[in-house]
Amino acid sequence: MKKGILKRLGTAAVLMCMTGSILSGCGSESESKPDSSSKQSEESQAAAQSESEGQVFTENITGTADGYDYELWKDNGDTTFTVTDGGTFSCEWGNINNALFRRGQKFDCTKTYQELGNVSIDFGVDYQPDGNSYMCVYGWTRDPLIEFYIVESWGSWRPPGAPSSLGTVTVDGEEYDIYKTTRYEQPSIDGTKTFDQYWSVRKAKPTGDGTKLEGTISISKHFDAWKQCGLEMGKMYEIALTIEGYQSAGKATVYKNELNIGGEYKEADDIEVTVNEAAADGGDEVPVMTGGAGFFECGFEDGEDDWLPRGGAQAAQTTDNASDGEGSLFVSGRQDNWNGACIMLDPEVYKAGSTYSFSVKVMQNSGEKAQMKLTMQYTIDGENYDQVAIADAESGEWVTLENLSYTIPEGAKNLILYVESPDSLTDFYIDEAKASAAE
């Protein structure tokens, strides 16, 4: 089978952002994480096992040691969190949905980052993810309620899944993309809320001594860059060096974590910020997605072939099942019917008003029949969703979703093709995904 993309440009995932929900916030209005996982967070504070190497925790915990706050939060799965001297720690995870291991400083939500002074972290991490994971600076503010990430490295998927960035910043000698995403009615430090996430994400994964990564993250300078892109921070709740895992396994040892806070704040004059004015202004003009896939035949023999998770799902290459060859794309952890796997389409190849051929083979193993659907997402006065093909899929049998003559609506922009199951949350496999001009 042919594999890969015939014309390939950069891609980014859609609508899929992990939320690291934490336990309690500062102030009288704070709440724990709601529902069953909040009960776990409140009731199952793990008994720490004192060892010469540090304190070991396997369940949700918050605490302070050697002047650094620490926290382990997970919704389920197997975790080990070892708190060692100073700001250091080690962690290991597997069979999890979402887990965060973090060490840093929590604040009382009375000061802005400027009022704290200059903030940076000198770090050294032996980072060994197996699947979807971040190595990052993580935290929250209030007024406004903001969850933020400065992502230094990642596992199998580069966050955050926004179709376009607000701009870029060069800081500490590295270039980062700046994004804003929104979480709707999701767990937060103030219970279930709708809130924005701010992101700086390195354009390229760092290289180090094997799996060891070292450097400095000038946190205040990232905040300054966000401000230039129209992203306003609130009063600081938390800043922490964090390892996050999502439906994955892995381990990490943070052997250096020096959080530096203080001195007189001065707005950074040694960073280079480029602002995407159309995106940062947030006006009526929708930024047009650049990059994406051209015509393709994807066999998933040794990778994801530019297909990405959509919503709360995970999408990863597997050799467990295949309609042809040895590989396929396994989509799991779907939290809503529209969650699935998607591929962004290059606007230089796919033109509004023109007709194309799309097909993909799908198999689900739910034990009962489920509908499978191939959908086109596009922008015309907001988001629109158009059925490309739909079929009933018997459990354990491959079915073809195919439309050999699909016309992209006039005026459509930001084209994203995706596979979903509109009446089920079943996991599924996809294989032999193809796109070409209609004959």
> If you check Asn97 against the conditions, is it within 17 Å of the chain's Cα centre (by Cα) and crowded, with 18+ Cβ neighbours inside 10 Å?
Replying inline: yes
> How about the range 159-179: which of its residues are surrounded by fewer than 21 Cβ atoms within 10 Å (Cβ to Cβ) and in contact with a strand residue (DSSP E or B) (Cβ under 7 Å, 6 or more places away or on another chain)?
Replying inline: Thr168, Thr170, Asp172, Glu174, Glu175
>> Looking at the range 304-323 only, could you name the residues that are in contact with a Lys or Arg (Cβ under 8 Å, 6 or more places away or on another chain) and either part of a strand (DSSP E or B) or modelled with pLDDT of 90 or more (or both)?
In response: Asp305, Ser323
> Got at least one residue in the range 419-428 being among the acidic types (Asp, Glu), at pLDDT below 95 and either surrounded by fewer than 21 Cβ atoms within 10 Å (Cβ to Cβ) or at positive phi (or both)?
Replying inline: yes
> Name the strands (runs of 3 or more DSSP E) wholly within the range 351-439 that hold at least 3 residues that are closer than 20 Å to Ala322 by Cβ?
Replying inline: 355-364, 370-379, 399-407, 428-437
> Tally time: how many residues in the range 77-129 are out of contact with any Ser or Thr (no Cβ under 6 Å at 6 or more places or on another chain), charged (D, E, K, R) and not in a loop (DSSP other than H, G, I, E, B)?
Replying inline: 4
> What are the pairs, 6+ residues apart or on separate chains, where a residue within the range 311-327 that is under 30 Å from Gln186 (Cβ atoms) has its Cβ under 6 Å from a residue that is assigned to a loop (DSSP other than H, G, I, E, B) and among the small types (Gly, Ala, Ser)?
Replying inline: Ala313/Gly333; Gln314/Gly333; Gln317/Gly303; Gln317/Gly327
> Name the pairs: first residue in the range 48-74 and loosely packed, with under 15 Cβ neighbours inside 10 Å and among the acidic types (Asp, Glu), second residue modelled with pLDDT of 95 or more and not in a loop (DSSP other than H, G, I, E, B), Cβ to Cβ under 9 Å, at least 6 apart or on different chains?
Replying inline: Glu51/Thr82; Glu53/Thr82; Glu53/Ser90; Asp66/Val83
> Which one of the conditions (1) within 22 Å of Gly311 (Cβ to Cβ); (2) loosely packed, with under 13 Cβ neighbours inside 10 Å; (3) charged (D, E, K, R) does Lys373 fail to meet, given that it meets all the rest?
Replying inline: (2)
> Quick one: in the range 277-303, which of the residues that are in contact with a Pro (Cβ under 9 Å, 6 or more places away or on another chain) and at pLDDT 60 or above is surrounded by the most Cβ atoms within 10 Å (Cβ to Cβ)?
Replying inline: Gly292
> Would you say Thr168 is polar (S, T, N, Q), closer than 28 Å to Thr379 by Cα and at pLDDT 95 or above?
Replying inline: yes
> Does the range 224-231 include one or more residues that are crowded, with 22+ Cβ neighbours inside 10 Å, of a type outside the set (Asp, Glu) and assigned to a helix (DSSP H, G or I)?
Replying inline: yes
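The values are calculated or read from the model by the stated rules, or taken from the named source; none is laboratory data. For clarity, every value in this text was computed on a predicted model and none was experimentally measured. Cβ coordinates were reconstructed from backbone atoms using ideal geometry, including for glycine residues, and neighbour counts include every protein chain displayed.
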